[in-house]
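Written below as structure tokens is the structure these notes are about.
The values are calculated or read from the model by the stated rules, or taken from the named source; none is laboratory data. Nothing here was measured: the structure is a model prediction, and the numbers come from that model. Reconstructed Cβ throughout: ideal geometry from the backbone, glycine too, with neighbour counts over all protein chains shown.
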Amino acid sequence: MALFDLYILVDWSAARVPKTGRDSIWICRLTRDGAETVANPPTRAAARALLAEMLEDAAANGERVVAGFDFPFGYPTGFAGRLGLRGTPWRAMWDEVARLIDDRDDNENNRFAVGAELNRRVSGARFPFWGCPVGFTHEHLGPQHHRGHTADEPLKERRLIDEWMVGAQPCWKLAYTGSVGSQVLTGLPVVRALRDDARWAERTRIWPFETGLGLPDEARTVFAEVWPSWWKACAKLGPPNDKAQVRTVARIFAAADRNGVLAAWFSPDIGQEIGGADPRPVVEEEAWTLGVTAPRVRRGKSPSPPLGLERVGVRRGIPEASEPSRLTRPQQSLGHPLPPMGGEGK
């Protein structure tokens with residue numbers, strides 16, 4: 001029996017002006033029976049309002065929801081401490097970002113100034129955030145990588161999950177191709193506000209921060225970090241690619257849930273896979289990416305026997321989205337195919 005009634009996938013954008021189409025916000029809402037709604041709100045304020053409407057309807061109907069957002073939910077271990085924040089690191093960091101960000105209804109925001117301020121507090125220099133548009137000048141934020149993540153610097157460039165996901169960008173990078181840092185600064189306050197909304201707060205949990213590496217029964221609405229590029233998008237579900245990605249991943253989640261695989265994605269065996277790593281930083285500060293249950297292996301670096309993870313592969317129930325008929329895992333069929341339904345960075 002499926003765990004969820006509703007699957008919501010969000011492709012975020014930190015654009016400073018209202019924007020639709022390529023490199024903008026895309027939201028896919030997919031029900032268990034295959035009914036799909038795709039939206040392209042032009043602003044983050046409009047996206048937040050639409051997501052709140054979806055969650056309100058789900059709560060009223062008693063539906064269980066998983067909502068995935070395509071930006072990191074945490075920073076590398078030690079960042080909250082370097083800022084002098086007290087309390088549980090992930091929540092203290094979310095509260096601080098929400099306090100600092102000024103994100104207006106027309107998408108104008110101060111994310112580069114926030115990056116500079118966080119750098120000032122951490123290092124008094126241009127570390128750890130980097131990347132900014134032409135014309136933005138600040139003594140504490142530069143356009144180029146600072147090369148500050150040295151062996152003597154305990155604050156790492158990447159989280160544990162970023163080391164697993166070959167190709168994932170570090171959260172410190174605020175601009176340029178593939179950057180995700182600005183999406184974090186503008187996205188976390190929205191997820192925080194949705195999580196704390198009194199209309200559904202009692203039933204809502206952030207994975208894995210509030211659930212641990214599992215899925216407790218009381219988590220009726222679950223917010224999780226996702227990385228759509230972990231799967232190969234089905235091009236016919238676009239254009240643009242952002243639209244294809246949210247539609248593809250929503251269907252992958254629904255298919256995995258229908259076939260009994262999705263539950264295991266909430267419980268990745270982190271310690272076993274990477275030589276006994278301590279999972280506590282993941283739960284307390286760094287977060288994890290839903291659907292990633294084994295490291296992706298770089299081409300030419302596969303151990304013997306090969307794991308078949310050059311692009312996405314099929315391991316521990318991770319389906320190859322572009323080939324629905326191959327939704328398989330070793331020695332076990334997942335059963336049904338996917339349902340047939342018609343400069344600054346983002």
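Look at (1) part of a loop (DSSP other than H, G, I, E, B); (2) within 26 Å of ARG203 (Cα to Cα); (3) aliphatic (A, V, I, L, M); (4) touching a strand residue (DSSP E or B) at 6+ places or on another chain (Cβ under 8 Å) and you find that MET1 fails only one, number (4).
I need the full set of residues from the stretch 295-312 which are farther than 19 Å from PHE71 by Cβ and either surrounded by 17 or more Cβ atoms within 10 Å (Cβ to Cβ) or modelled with pLDDT of 95 or more (or both), in order please.
VAL297, LEU309, VAL312
Taking the conditions (1) at pLDDT 95 or above; (2) surrounded by fewer than 19 Cβ atoms within 10 Å (Cβ to Cβ); (3) not β-branched (Val, Ile, Thr) in turn, MET165 satisfies each one other than (1).
In the stretch 28-74, which residue that is of a type in the set (S, T, N, Q) and within 19 Å of VAL191 (Cα to Cα) is surrounded by the most Cβ atoms within 10 Å (Cβ to Cβ)? My answer is THR43.
Scanning the stretch 1-22 for residues that are under 27 Å from CYS132 (Cβ atoms) and crowded, with 18+ Cβ neighbours inside 10 Å gives VAL10, ASP11, TRP12, SER13, ALA14, ALA15, ARG16. A Cβ distance below 6 Å, combined with a sequence gap of six or more or placement on separate chains, defines the contacts here; from the stretch 211-226, residues that are within 16 Å of ARG280 (Cα to Cα) reach residues that are aliphatic (A, V, I, L, M) and crowded, with 19+ Cβ neighbours inside 10 Å in the pairs THR211/ALA219; GLY212/VAL283.
Just one of (1) closer than 24 Å to GLY34 by Cα; (2) among the acidic types (Asp, Glu); (3) at pLDDT below 95 fails for ASP278. It is (1).
Table: residues versus (1) on the phi < 0 side of the Ramachandran plot; (2) part of a helix (DSSP H, G or I).
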| residue | (1), (2) |
| --- | --- |
| CYS171 | yes, no |
| TYR176 | no, no |
| PRO189 | yes, yes |
| ALA219 | yes, no |
| PHE223 | yes, no |
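Pairs linking a residue in the stretch 95-121 that is among the aliphatic types (A, V, I, L, M) and assigned to a loop (DSSP other than H, G, I, E, B) to a residue that is surrounded by fewer than 16 Cβ atoms within 10 Å (Cβ to Cβ) and at pLDDT below 95, with Cβ atoms under 6 Å and 6 or more positions apart or on different chains, do not occur.
Of the residues TRP207, TRP230, the single one that is in contact with a strand residue (DSSP E or B) (Cβ under 8 Å, 6 or more places away or on another chain), at pLDDT below 95, of a type in the set (A, V, I, L, M, F, W, C) and under 29 Å from ILE270 (Cα atoms) is TRP230. Across the stretch 81-122, the qualifying residues are those that are surrounded by fewer than 21 Cβ atoms within 10 Å (Cβ to Cβ) and among the β-branched types (Val, Ile, Thr), and the one among them that is farthest from PRO18 (Cα to Cα) is THR88. Candidates ARG199, ARG158, ARG147: the one that is among the basic types (Lys, Arg), farther than 27 Å from ASP5 by Cβ and surrounded by fewer than 17 Cβ atoms within 10 Å (Cβ to Cβ) is ARG147.
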